[in-house]
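For reference, the structure discussed in these notes is given below.
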Amino acid sequence: MSKKRGLSVEEKRTRMMEIFFETKDVFQLKDLEKIAPKEKGITSMSVKEILQSLVDDAMVDSERIGTSNYFWAFPSKALHARKRKLEALETQMVETNQKKKTLQQNVEKAKVGRQDTEERSKLAEELASLRHQRDQFKNELDKYKECDPDVIEEIRQSNKVSKEAVNRWTDNVFAVKSWAKKKFGFEESKIDKTFGIPEDFDYID
């Protein structure tokens, strides 16, 4: 049996942000070290590191009052901060793509009737570097999309719809069992066994 895969750094960051967004409360580190493992499956040993990364990215606010540090993050501010970050990254990507296009044109011109030159080698190296930067920007964009409150809310609503659908079918199963008992006098255990209904079959809370 394979071991259960641990949460990635980005999954931990997303779940940590959920704590702030769902509660809209202010916490100390010790509070989060208790809440995060229990409610979000984040190990207490990694809470401080994950929290600091969010503070460094300006996604979580921090203030020292007296001898204690307090942390908070509200969806509205976080969303605006990420939108600004995304806009900056998208602008950088546009500029990088434009520069890449120019370099590609220069490289193509350099190929015409020429052997490899020092200038061409430099252009090729710069083009490779720009492609690498472009990939980094794409990864950065994907990272911030994972923490978008709109995405989190969409997942939450999807889970709600799925839960309601499951419970409706549970209603249907119970109704059919009740009808079968009254109509044919079957015992409930026999019905469960015949149709493969588990003993712990029940509604999802």
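The values are calculated or read from the model by the stated rules, or taken from the named source; none is laboratory data. All figures in this text were calculated on a predicted structure; none of them were measured in a lab. Please note: Cβ atoms are built from the backbone with ideal geometry, for glycine as well, and neighbour counts cover all protein chains shown. The protein model used for the area step is the full one, side chains on, heavy atoms only, and it has no ligands, DNA or RNA in it. Shrake-Rupley method; radii C 1.70, N 1.55, O 1.52, S 1.80 Å.
Some values worked out for this structure:
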{"quantity": "Tabulated pairs, the stretch 103-125, first open to solvent by less than 60 Å² (accessible area, probe 1.4 Å) and β-branched (V, I, T), second part of a helix (DSSP H, G or I) and modelled with pLDDT of 70 or more, C-beta under 7 angstrom, 6+ apart or interchain", "calculated": "V107/L123; V107/A124; V107/L127"}
{"quantity": "Candidate set: the stretch 58-76, residues that are open to solvent by 80 Å² or more (accessible area, probe 1.4 Å) and among the hydrophobic types (A, V, I, L, M, F, W, C); chosen: the one farthest from K24 (Cα to Cα)", "calculated": "I65"}
{"quantity": "Filter result (within 23 Å of K143 (Cβ to Cβ), of a type in the set (S, T, Y) and loosely packed, with under 12 Cβ neighbours inside 10 Å) within the stretch 1-57", "calculated": "S8"}
{"quantity": "Qualifying positions in the stretch 31-82 - assigned to a strand (DSSP E or B) and aromatic (F, W, Y)", "calculated": "Y70, F71, W72"}
{"quantity": "Selection count, the stretch 177-205, where residues are surrounded by 12 or more Cβ atoms within 10 Å (Cβ to Cβ), part of a helix (DSSP H, G or I) and not polar (S, T, N, Q)", "calculated": "7"}
{"quantity": "Which numbered condition V55 misses (of (1) in contact with a strand residue (DSSP E or B) (Cβ under 6 Å, 6 or more places away or on another chain); (2) within 12 Å of F27 (Cα to Cα))", "calculated": "(2)"}
{"quantity": "Any hit, the stretch 178-188, residues being aliphatic (A, V, I, L, M), more than 30 Å from E22 (Cβ to Cβ) and in contact with a Phe, Trp or Tyr (Cβ under 7 Å, 6 or more places away or on another chain)", "calculated": "yes"}
